[in-house]
Amino acid sequence: MNRNPDEQTADPGDADDRLSAFQGDFGEDTGYLNYGSVGPLSRSAGAEAARWNEVLGQAAFGGLVDVDATDARMRAAVGALTGFRSDQIVAQPNTSQGLVHTMFGLRGVVLLSAAEYPSLPLAAERASQHRGVLTPRWLETDRGHVTPDRIRAQLDDEVTAVAVSLVDYRTGFLADLHAIREVIGDRLLIVDAIQGFGVVDAPFEAADVVASGGQKWMRAGWGTGFLAMSDRALDRLEPVLSGVTGTDEPWPFSATPEPSRTASAYSITRADPLAAARFGASLEATLAVGTPVVQSTIAGLVSEVIELADEFGIPVLTSRDERERAGIVALEPEEAVLETLSTSLANHGVTATTRGTTVRLSVHAGTTRETLELLRGALVSFATAASY
């Protein structure tokens with residue numbers, strides 16, 4: 001599954017030109033710092049949506065034939081970003097469904113943190129309850145961080161798989177997939193990639209299963225996503241939830257054929273071709289600029305946000321080490337002023353997420369200087385109101 005480095009930098013222009021073109025694909029209002037929740041639709045994805053909605057609306061003779069090609073386009077682009085072959089990739093409407101497919105197909109003991117985004121532990125728990133062949137083992141973490149050392153300390157011969165988020169949705173901590181792979185050996189490595197896919201140049205070749213959606217950092221809208229599975233995963237997992245599109249037998253079926261041995265076995269019915277078109281456009285935009293360029297740009301913006309938080313004395317949960325973070329900055333003000341901070345952000349037109357005791361800001365490569373100035377203004381008002 002090794003990627004060709006040229007696939008990430010296919011555009012003939014230099015990095016600045018490619019980045020400028022990529023940033024031109026952003027169309028959201030100033031003040032948006034909430035990609036960890038949802039990424040506003042990119043211009044290219046919006047154009048695809050308009051194009052295919054018109055095709056579907058007119059339904060001209062022969063006009064719907066090309067709809068079937070959107071899935072192959074999407075899988076090819078996912079393959080270029082991850083290193084998986086097209087037959088190892090299947091469309092999913094979201095990350096959560098891909099994780100359910102994976103956990104229901106798994107046997108043995110899966111080691112994971114109960115503090116992951118609920119999609120991951122819930123999928124493991126539901127599979128355990130309803131199939132009885134999988135046991136979740138809850139990992140003791142380092143301040144919520146899933147690290148190779150913590151995994152090593154809790155591994156034994158019963159563990160058949162380890163599951164982890166590429167980026168922790170609460171703190172923005174970036175998992176070290178290479179190091180985790182070295183620790184777990186031949187066990188399956190399952191990765192929920194949603195908070196880093198497209199903005200982290202991750203070593204996906206270290207993983208056996210990668211599940212992600214396209215509605216956050218990829219800015220492709222809801223209903224988009226994929227499940228990528230190594231040959232080892234396809235050999236060890238069972239396609240429990242496999243439907244009419246999960247077989248290799250051509251239509252019409254002569255009977256009820258066995259599931260495919262490819263990733264398509266993990267589909268229930270035909271994927272939304274218009275969602276695939278939107279996702280394909282966003283994937284291709286990322287390929288044109290190159291994930292390393294996106295990641296580097298985001299790293300600089302994250303540093304600026306952390307510096308702003310420091311300037312106003314707001315504690316930061318996110319790591320200050322660039323190797324351990326992606327696009328999320330988690331702030332943890334004193335509980336007495338949490339509402340004051342949230343209100344100040346809203347009053348200044350800054351879109352963020354407040355959950356529990358934290359305020360989560362998430363920047364992207366298209367985040368503008370104007371947005372950062374709005375953030376500064378909000379923090380000035382916060383400091384004044386809170387006497388912080």
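When all alpha-carbon pairs of the chain are counted, what percent fall beyond 33 Å? So the portion of pairs separated by more than 33 Å is 33 percent. Relative contact order, whole percent, for the chain stands at 24, derived from Cα pairs under 8 Å and 6 or more residues apart. Quick one: if the Förster radius is 51 Å, what FRET efficiency do Asp29 and Gln129 give, using the C-beta to C-beta distance and rounding to 0.05? Efficiency for this residue pair is about 0.75. Taking amide H positions as modeled 1.01 Å from N, with prolines and chain starts lacking one, the residues under 5 Å from Tyr35 and 5 or more places away or on another chain are Ser362. Estimated from the Cβ-Cβ distance and a Förster radius of 22 angstrom, the FRET efficiency linking Ile268 and Ala72 is about 0.70.
Using the 1.4 Å probe convention, the accessible area of region 187-307 works out to 34 Å² per residue with neighbouring protein chains retained. Sites counted here are GluC sites (Glu not before Pro) in a DSSP loop (not H, G, I, E or B) having no more than 11 other Cβ atoms within 10 Å; the longest part of the chain that contains none of them is 159-388. When the chymotrypsin sites (Phe, Trp or Tyr not before Pro) in region 12-119 are filtered for DSSP coil states and for at most 15 other beta-carbon atoms within 10 Å of their beta-carbon, the remaining sites are Phe61. Projected label points at Glu322 and Leu64, each 7 Å from Cα along the beta carbon direction, are separated by 5.0 nanometres. Mean residue ellipticity at 222 nm, helices only, the chain: -12000 deg cm²/dmol; runs of at least 4 DSSP H residues each add -39,500 (n - 2.57), and the sum is divided by the number of residues. Computed from label points 7 Å out along Cα-Cβ, the spacing between Trp222 and Glu307 is 3.8 nm. Computed over protein heavy atoms with a 1.4 Å probe, the carbon and sulfur contribution to the accessible area of region 161-276 reaches 55%. Between Leu81, Leu308, Leu112, the Gaussian network model of the chain with springs among Cα atoms under 10 angstrom shows the greatest mean-square fluctuation at Leu308. Of all DSSP beta bridges confined to region 155-264, the antiparallel ones make up roughly 45%. Full extension of the chain between Ala153 and Leu122 yields a length gain of 8.8 nm, computed as 0.36 nm times the residue separation minus the alpha carbon distance.
Among the chymotrypsin sites (Phe, Trp or Tyr not before Pro) in region 223-291, those placed in a DSSP loop whose Cβ has at most 15 other Cβ atoms within 10 Å are Phe253. Rounded to the nearest Hz, the phi-derived 3J(HN,Hα) couplings of region 368-382 under the Karplus curve 6.51 cos²θ - 1.76 cosθ + 1.60 (θ = phi - 60°) are 9, 4, 4, 5, 5, 5, 4, 4, 4, x, 5, 6, 4, 5, 4, where x marks glycine and proline.
Three semi-axes describe the equivalent ellipsoid of region 186-268; taken as square roots of 5 times the Cα gyration tensor eigenvalues and ordered largest first, they are 27, 17, 8 Å. When the Cα atoms of region 1-143 are aligned to their principal axes, the ranges along those axes come out at 49, 43, 35 Å in descending order. Note that region 245-255 has calculated 3J(HN,Hα) couplings of 8, x, 10, 8, 6, x, 6, x, 5, 7, 7 Hz, one per residue in order, obtained from phi through the Karplus relation 6.51 cos²θ - 1.76 cosθ + 1.60 (θ = phi - 60°); glycine and proline are x. For region 238-342, the fraction of C-alpha pairs more than 25 angstrom apart is 56%. Sequentially through region 59-70, phi angles give Karplus couplings (6.51, -1.76, 1.60; θ = phi - 60°) of 6, 4, 3, x, x, 8, 4, 6, 4, 5, 6, 5 Hz, Gly and Pro residues having no value and appearing as x.
Centre-to-centre, using Cα atoms only, region 39-72 and region 219-275 are separated by 22 Å. A simple spin-label model places the labels of Thr384 and Ala179 4.4 nm from each other, with each point 7 Å out along Cα-to-Cβ. When the chain is treated as a GNM with alpha-carbon contacts under 10 Å, the residue of Ala255, Ala59, Ala45 showing the greatest mean-square fluctuation is Ala255.
The values are calculated or read from the model by the stated rules, or taken from the named source; none is laboratory data. Fair warning: this is a prediction, and the values are worked out from it, not measured in the lab. No Cβ is skipped: glycine too gets one built from the backbone with ideal geometry, and neighbour counts run over all protein chains shown. The area values use the complete protein model at the heavy-atom level, side chains included, leaving out ligands, DNA and RNA. Shrake-Rupley method; radii C 1.70, N 1.55, O 1.52, S 1.80 Å.
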